[in-house]
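The values are calculated or read from the model by the stated rules, or taken from the named source; none is laboratory data. Computed from a predicted model, the values in this text were never measured in an experiment. In this analysis, Cβ positions are derived from the backbone assuming ideal geometry, glycine residues included, and neighbour counts consider all displayed protein chains.
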């Protein structure tokens, strides 16, 4: 009996020792996590700014105001934010982490990706955030959001990347592709602030939440932000094709789909058309259903938007439409959208 008790006693002591070691490991892991978030926040926070926007109400003399976030990406004062933060702004000020308040000017914006670049002209040596990459991100990877929700400056929230490759509807109506979903908490005022990785490098630009949802927030991927920012710096705008129609997605009658052996059962119904637009000059009419453009099947407006990029401007293509039950081909040359 004593031998059994002795053996059990050793086993119990061993179990207690393992538990103590596990408890110590859990504490160490928590310390590592905390240290990682703290370090990333310390690296990124000096570059995060609060943007206050003033815009006159249409038809009135009073002004409306708003605020958002942004981050410095060049030492000479160029700042990335959301287009919806600065759109229609008549006056902008940028509050820096050190307390300085600087006047900012709009360099360019792209509502279709909800991105904009502004600049504080008097700056020469601001702390700039380092860009990471979004094409090699992994679901479950740490994500840290920094911004100014409800005016509370330099707020840090942490979470993970919940999903990749999401699509999000921009304020312009176009879909933004390759959007990052995260559960790092975002609120009004976070818009335009950076989403950073564990090394404090930008992996996204925080842009939206879903009302009434918890832990579902979105950021524009940094690869998209880098492309758009470079274009805005060089040209002040993003060029996209324009054919001059307003349309809606509709189902094509099944008998028509079978008769023509169409690749898709949906197309774009032309509801209205701008006078002397590329579509009008090509002979399209209201009521036509667009089913093909440049040899590619078109089943909806979003697919046409993806085709009408900068490369489409000025390039002659064949557009196929249904007019009643008959197919018609039209030569069309997109213009640059103003």
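Observations on the model:
- Criterion applied to 272, 299 was being surrounded by fewer than 13 Cβ atoms within 10 Å (Cβ to Cβ), closer than 23 Å to residue 174 by Cα and within 34 Å of the chain's Cα centre (by Cα), and the one residue passing it is 272.
- Screening the candidates 287, 314 for the property of being more than 26 Å from residue 237 (Cβ to Cβ) and part of a loop (DSSP other than H, G, I, E, B) yields one hit, 287.
- Residue 176 closer than 18 Å to residue 224 by Cβ, within 17 Å of the chain's Cα centre (by Cα), in contact (Cβ under 8 Å) with a residue 60 or more places away in the chain and surrounded by 19 or more Cβ atoms within 10 Å (Cβ to Cβ): yes
- Of all residues in the range 93-107, one or more are within 21 Å of residue 224 (Cα to Cα) and in contact (Cβ under 8 Å) with a residue 40 or more places away in the chain.
- Total residues in the range 217-247, condition in a strand (DSSP E or B) and more than 24 Å from the chain's Cα centre (by Cα): 3
- Checking each residue in the range 121-136 for being more than 22 Å from residue 195 (Cβ to Cβ) and in contact with a strand residue (DSSP E or B) (Cβ under 8 Å, 6 or more places away or on another chain) picks out 121, 122, 123.
- Of note, residue 186 does not satisfy the criterion of being farther than 25 Å from residue 170 by Cα, in contact with a helix residue (DSSP H, G or I) (Cβ under 9 Å, 6 or more places away or on another chain) and without any contact (Cβ under 8 Å) to a residue 60 or more places away in the chain.
- Any chance residue 77 is modelled with pLDDT of 90 or more, surrounded by 10 or more Cβ atoms within 10 Å (Cβ to Cβ) and in contact with a helix residue (DSSP H, G or I) (Cβ under 7 Å, 6 or more places away or on another chain): no
- Residue identified as in contact (Cβ under 8 Å) with a residue 40 or more places away in the chain, surrounded by fewer than 21 Cβ atoms within 10 Å (Cβ to Cβ) and not in a loop (DSSP other than H, G, I, E, B) among 162, 125: 162
- Residue match in the range 249-269 (condition: assigned to a helix (DSSP H, G or I) and either within 30 Å of residue 205 (Cα to Cα) or in contact with a helix residue (DSSP H, G or I) (Cβ under 9 Å, 6 or more places away or on another chain) (or both)): no
- Look at the range 314-333: where a residue is at positive phi and a partner is surrounded by fewer than 19 Cβ atoms within 10 Å (Cβ to Cβ), sitting 6+ places away or on another chain with Cβ atoms under 7 Å, you get 314/333.
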